[in-house]
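The structure is given below, and queries will be raised subsequently.
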Protein chains: 2
Amino acid sequence: MRINFDSDGLVPVIAQDYKTKKILMLAYADNEAVEMTKKTGFAHYYSRSRKKIWKKGEDSGHVQEVLSVLVDCDEDALVYLVNQTIGACHTGYDSCFYRTIDGEIVGEKVFDPDKVYAN
Amino acid sequence: MRINFDSDGLVPVIAQDYKTKKILMLAYADNEAVEMTKKTGFAHYYSRSRKKIWKKGEDSGHVQEVLSVLVDCDEDALVYLVNQTIGACHTGYDSCFYRTIDGEIVGEKVFDPDKVYAN
C-alpha cells in the first residue's frame, strides 16, 4: 500500500490499543520509521522536535508491540494497533488523551513518571 | 484547555466512535472549526485542499454528533468522540481506516457511495 507522506516526508500515526480500542497517542512517522516498525514489530516514530527516529519506550521501557498497521482512504494517515507495555503517556497516564477539552481528567494514571524517567 | 495549533493554525483531529471505539477518520481543525463543533454539537473540520471549514456530513447526511472532545498531553491533537450516522468514509466504509498496510480489507461497507454522492 502506498503512503502519501506530507511535504516534510511525514505521516500522522494514531496508536490504538488493540484490546481496549483506547486511542493512546498521536505521533508522526517518516518512511524509515514505518519500515523499522514493520521490520522489528515495535512502534517507531519520527520526532519533529529532535529531528530523529525514536522507538517508543526506548527510555521508559513502555514499548508498543505493533500487531497491525492500518491506512486510511487517502493514504495519508496510519493507525498502529498495539499491545502497550504499562502506559503510553510520559505523564504517567495510560493514554496521552487523558483530559477533555474542559480539563476534566478521564485517563487512568498507571505509573509514576518521576520514577520511570529519573536521572 | 489551550490548544497548540500548528504554524498553519491547524490541529489534527481523530474521530472515534464512542460506542464501538473504532477510529473513523483523521482530519484537521482550525480554532473556528473547534468552536463550531462545541457550539453546534456536530463535528466540523478544516479542509486543507478546499481551504474552508466543513461540517462532516453536510453533503452525505453522515453527520457526527460529538459527545466529548479530548486533548492530548502536548495539547496539539484532539479526539472527537462521536455518534456517527451511517458511515464515516466517502468510499462507503464505516471507517476511513478500512485497509491494512498490506492492502487487506478490514472495514465494513455500510453504504453505496454512488447513491449517496450522486449528482
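Coordinate-derived values only; no laboratory data. Note that the structure is predicted; figures quoted are calculated from it, not measured. Neighbour counts run over all protein chains shown; Cβ positions are idealised from the backbone, glycine included.
Does A:F111 satisfy being part of a loop (DSSP other than H, G, I, E, B), touching a Gly at 6+ places or on another chain (Cβ under 6 Å) and either at the interface with chain B (Cβ under 9 Å from one of its Cβ atoms) or over 17 Å from A:L26 (Cα atoms) (or both)? Walk me through it before giving the result.
On the way: part of a loop (DSSP other than H, G, I, E, B): yes; touching a Gly at 6+ places or on another chain (Cβ under 6 Å): yes; either at the interface with chain B (Cβ under 9 Å from one of its Cβ atoms) or over 17 Å from A:L26 (Cα atoms) (or both): yes.
Yes.
Only one of these is aliphatic (A, V, I, L, M) and within 21 Å of A:L78 (Cβ to Cβ): B:I53, B:I86, B:I105. Name it. So that I can check it myself, show each step before the final result.
Working: B:I53 fails: within 21 Å of A:L78 (Cβ to Cβ); B:I86 fails: within 21 Å of A:L78 (Cβ to Cβ).
B:I105 is the lone residue from the list that is aliphatic (A, V, I, L, M) and within 21 Å of A:L78 (Cβ to Cβ).
Restricting attention to the range A:62-93, which residues are more than 7 Å from chain B (Cβ to nearest Cβ), closer than 27 Å to B:E104 by Cα, part of a loop (DSSP other than H, G, I, E, B) and not β-branched (V, I, T)?
Those that are more than 7 Å from chain B (Cβ to nearest Cβ), closer than 27 Å to B:E104 by Cα, part of a loop (DSSP other than H, G, I, E, B) and not β-branched (V, I, T): A:D74, A:E75, A:D76.
Looking at B:I53, is it of a type in the set (A, V, I, L, M), more than 8 Å from chain A (Cβ to nearest Cβ), more than 23 Å from A:V69 (Cβ to Cβ) and out of contact with any strand residue (DSSP E or B) (no Cβ under 7 Å at 6 or more places or on another chain)?
In short, no.
Further question on the same structure: Looking at the range A:27-46, can you tell me whether even one residue there is in contact (Cβ under 8 Å) with a residue 40 or more places away in the chain and more than 16 Å from A:V71 (Cβ to Cβ)?
no
Select from the range B:68-117 the residues that are buried (at least 20 other Cβ atoms within 10 Å of the Cβ) and among the acidic types (D, E) and write down the one among them that is farthest from B:V34 (Cα to Cα).
B:D94
Another one. Out of all the residues in the range B:66-102, which are among the small types (G, A, S) and in contact with a Leu (Cβ under 8 Å, 6 or more places away or on another chain)?
Across the range B:66-102, the qualifying residues are B:S68, B:A77, B:A88, B:S95.
Could you tell me whether the range B:12-29 includes any residue that is crowded, with 16+ Cβ neighbours inside 10 Å, among the hydrophobic types (A, V, I, L, M, F, W, C) and more than 12 Å from the chain's Cα centre (by Cα)?
Scanning the range B:12-29 turns up no residue that is crowded, with 16+ Cβ neighbours inside 10 Å, among the hydrophobic types (A, V, I, L, M, F, W, C) and more than 12 Å from the chain's Cα centre (by Cα).
Also, quick follow-up: Looking only at strands (runs of 3 or more DSSP E) that fall completely inside the range A:1-50, which ones have 2 or more residues that are within 13 Å of another protein chain (Cβ to nearest Cβ) and either basic (K, R) or out of contact with any Lys or Arg (no Cβ under 9 Å at 6 or more places or on another chain) (or both)?
A:11-17, A:23-29
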